[in-house]
Each structure stands twice: as structure tokens, then as C-alpha cells.
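Note sheet for the following structure.
The values are calculated or read from the model by the stated rules, or taken from the named source; none is laboratory data. What you see is a predicted model, and the numbers here were worked out from it, not measured in a lab. When we count neighbours, we look across all protein chains shown, and the Cβ atoms used for this are built from the backbone with ideal geometry, even at glycine. Please note that ligands, DNA and RNA were not included when accessible areas were found on the heavy atoms of the full protein model with its side chains. Shrake-Rupley method; radii C 1.70, N 1.55, O 1.52, S 1.80 Å.
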Amino acid sequence: MSRIALVTRLSPEAEAHWAGHLARALPGERIDGFRELSPAERAEVDIAIVANPDPADLAELPNLVWIHSLWAGVERLVAELGHLARPIVRLVDPELARTMAEAALAWTYYLFRDMPAYAAQQRARVWKGLPYKRPERTTVGVLGLGELGAAAALRLRDAGFDVHGWSRSPKEIAGVTCHAGEETLERMLGQVEILVCLLPLTGETRGLLDARRLACLPEGAQIVNFARGPILDSAALIEALDSGRIGHAVLDVFEVEPLPEASPFWGHPKVTVLPHISAATDPETASAIVGAHVADYRATGRIPPSVDLTRGY
Ligand code: NDP
């Protein structure tokens with residue numbers, strides 16, 4: 001007996017939308033929302049497809065073999081479900097990487113072409129051109145060279161920027177200067193005029209961009225955080241923005257989301273706030289990927305590559 005449970009804390013409408021896509025991508029599979037399953041049916045579940053699940057729900061699936069997340073970021077699953085000792089497969093979707101690479105390019109252009117400054121000038125009715133510097137003379141640093149970071153680095157390279165990338169293990173990406181390991185970070189930051197963060201949130205990356213690291217960036221450098229809020233120290237960032245060391249920050253992710261009304265980021269003239277939209281998961285392409293993983297598992301018994309619970313990503 002095998003069965004799939006969809007375990008989420010999404011709104012009923014959002015869960016129903018996903019359920020429709022997953023049902024189309026998984027023909028022949030019995031797939032139901034966790035809450036619709038009787039205790040006997042829960043005992044038949046071998047795969048859970050999850051989006052922000054309640055860990056208590058997963059604990060009620062005694063014969064669960066593996067978990068497929070509908071999201072790419074897994075820090076919460078690692079923290080909340082690690083003790084279940086079941087493989088957690090995260091979403092790796094080329095469409096998500098394409099969307100993120102597009103966002104990295106779009107918001108790098110936003111900073112590179114001085115759009116925040118021109119918007120401020122318009123509000124003050126100031127007519128003044130700012131100096132232009134060619135992309136190949138502008139260094140963009142990408143933190144994280146995984147599925148999303150590597151795609152972003154390539155897109156930025158193709159746009160002509162001088163791209164540097166940073167990861168844990170050494171990488172070779174044509175036309176991108178790659179750095180690896182903590183000991184190389186500060187030197188790389190010293191060269192970066194626009195920093196794009198695409199790291200996972202782990203024990204090692206939490207608070208990575210603190211006051212000391214921010215101080216390594218050249219005067220006036222700009223930051224784009226598309227990864228997770230706690231990687232960047234908010235208080236240190238505000239201090240660096242206020243002192244002029246950091247020119248502008250585009251923030252898509254925050255320690256608390258939705259961003260609380262009282263957050264100083266909302267009204268800060270050197271901050272662009274985005275509501276976690278840099279790369280939204282596409283239910284159609286994501287469901288097709290989950291469907292292919294499940295079909296392969298049913299045919300071969302092979303669980304797709306899963307998250308390293310010790311490393312945290
Ligand atoms: P991957 O796991 O594919 O890549 C992670 C990269 O970060 C790897 O290159 C890895 O190095 C590097 N890395 C991890 N830890 C360290 C460290 N301590 N020091 C240096 N490098 C490190 O993740 P993805 O690219 O798929 O996703 C990245 C993150 O993007 C997700 O975890 C998620 O938080 C965020 N995200 C944000 C979205 C949004 O809309 N804002 C949407 C989707 C994801 P190595 O290659 O050596 O392992």
C-alpha cells in the first residue's frame with residue numbers, strides 16, 4: 001500500500017491550487033491533504049509532499065519513507081523535521097533558477113543604473129545626471145554558487161559585469177572569478193560593488209554578513225539579499241547605511257515576514273523593500289519535478305538526492 005499526503009499550512013485555496021497541479025503531475029497516485037486522511041489511511045502514506053508543514057502532522061505518518069518539499073529553502077524543515085530522520089528532498093527547479101537569475105539581473109541593474117537615486121531626485125524635482133560606469137568595470141559578487149547562485153552569476157556575466165562568486169567548495173564557472181571557503185570571503189568583499197546574497201540559511205551563514213564583513217565592502221557598495229533575512233545583520237546594515245558606507249540595500253527577505261509595520265526598513269531612504277518575491281515557486285513546473293521524482297521512486301525504489309541534515313542545506 002502506498003499513498004501520498006500533502007502536508008501544508010497554506011491557506012485552503014493555496015493548498016487546493018497545489019493539489020490540482022500535483023494530481024495532474026502524479027496520475028495514478030493517491031494524493032490527499034493530510035487532514036482528509038483517516039488514521040488507517042495515514043498509516044499507508046509513504047511520501048509526504050510538504051509546504052511549511054506542522055511537524056506534529058508528519059509525526060502522525062508512521063510509515064513515512066521520505067519527504068518532498070515544494071520550496072527550495074529548507075532551513076525550517078531541517079530544524080523542525082530533522083529528528084524524524086527521514087530524507088528531505090528539496091525543490092530544484094530550472095524555472096526557479098531562471099526566475100532568480102532574472103531577479104538578480106533586474107535588481108543589479110536597478111542599483112547599477114542608479115534608479116534609487118533618480119527616484120529620490122524626482123521627488124526633490126532635481127534634474128541631474130549621475131556618472132555612468134560600464135558593466136565590465138563594475139564588480140558584482142554572488143554569495144552562494146548553488147542552483148540559484150550559479151544561474152545568477154551566469155546571467156550577470158552574460159550582461160557584461162565583472163562577476164565574482166563565493167561558495168564552500170571550489171567551483172569553476174567560465175567567466176566568473178570563483179572563491180571558496182570562509183578565509184577568502186573578506187578579500188572578495190573588498191572588491192565587490194554590488195553584493196547579491198544567495199546562500200542558504202544554516203548555522204554557518206546565520207549572521208555571516210555582520211558589521212565586520214560589511215565594513216570590508218568598498219565605500220558606497222550596494223547589497224541585494226534574496227536569500228534569508230538572518231544571514232544579514234539588520235542592525236549592522238542600518239548603521240552602515242546611515243553612515244554612508246553602504247549605498248543602498250534591496251531586501252526581499254527578513255528576520256520576520258511579513259515585515260512588521262514598525263520595521264525601520266520600511267521608511268529607510270536607502271532601502272528597497274520587496275515582499276519575498278524574487279523567485280516564486282511555479283506550481284506547474286514544481287509539480288512536474290515532484291511527479292518525476294515520485295515516478296522514479298516507484299519504478300526503482302531510489303529516493304532522490306536529499307538535503308544533508310548535518311550541513312543544513
Ligand atoms: P543550493 O544548496 O543549491 O546552493 C547553496 C550555495 O551556497 C552552494 O554554492 C554552497 O556551497 C553555498 N554555501 C552554503 N553554505 C556556505 C558557507 N558556509 N560558506 C560558503 N558557501 C556556502 O541552494 P539554492 O541555490 O537552491 O538556494 C539558495 C537559497 O536561496 C535557498 O536556501 C533559499 O533560502 C533562497 N531562496 C530564496 C527565494 C526567494 O524568493 N527569495 C526563492 C528560493 C530560494 P557549495 O556549492 O560548496 O555547497
### Query
Looking only at segment 281-313, which residues are open to solvent by 50 Å² or more (accessible area, probe 1.4 Å) and in contact with a helix residue (DSSP H, G or I) (Cβ under 7 Å, 6 or more places away or on another chain)?
D282, E284, A288, R302, I303, L309
### Task
Report the residue count in segment 247-272 for those that are touching a Ser or Thr at 6+ places or on another chain (Cβ under 9 Å), open to solvent by less than 40 Å² (accessible area, probe 1.4 Å) and β-branched (V, I, T).
2
### Task
Please tell me if V250 is under 22 Å from the mean Cα position of the chain (by Cα), assigned to a strand (DSSP E or B) and among the β-branched types (V, I, T).
yes
### Query
Within segment 167-208, can you find the residues that are within 20 Å of E75 (Cα to Cα), in a strand (DSSP E or B) and within 8 Å of the ligand (Cβ to nearest atom)?
S167
### Task
Inspect all residues belonging to segment 196-215 and state whether any of them is in contact with a helix residue (DSSP H, G or I) (Cβ under 6 Å, 6 or more places away or on another chain), surrounded by fewer than 17 Cβ atoms within 10 Å (Cβ to Cβ) and of a type in the set (A, V, I, L, M, F, W, C).
yes
#### Entry: From the options P135, P94, residue that is more than 9 Å from the ligand (Cβ to nearest atom) and farther than 30 Å from A286 by Cβ
P135
#### Entry: Candidates V92, V65, filtered to the one that is within 30 Å of V192 (Cα to Cα), among the β-branched types (V, I, T) and open to solvent by 40 Å² or more (accessible area, probe 1.4 Å)
V92
### Message
Looking at segment 209-233 only, could you name the residues that are outside any helix (DSSP H, G or I), farther than 14 Å from V140 by Cα and either of a type outside the set (D, E) or in contact (Cβ under 8 Å) with a residue 40 or more places away in the chain (or both)?
### Response
L209, F226, A227, R228, L232
### Query
Within segment 139-163, can you find the residues that are buried (at least 21 other Cβ atoms within 10 Å of the Cβ), more than 9 Å from the ligand (Cβ to nearest atom) and either of a type in the set (D, E) or in a strand (DSSP E or B) (or both)?
V140, G141, V142, V163
### Message
Can you find a residue that is within 16 Å of the ligand (Cβ to nearest atom) and either open to solvent by 40 Å² or more (accessible area, probe 1.4 Å) or in contact with a strand residue (DSSP E or B) (Cβ under 8 Å, 6 or more places away or on another chain) (or both) anywhere in segment 110-130?
### Response
yes
### Task
Please verify whether segment 287-308 includes one or more residues that are in a helix (DSSP H, G or I), away from the ligand (no atom under 16 Å from the Cβ) and within 19 Å of the chain's Cα centre (by Cα).
yes
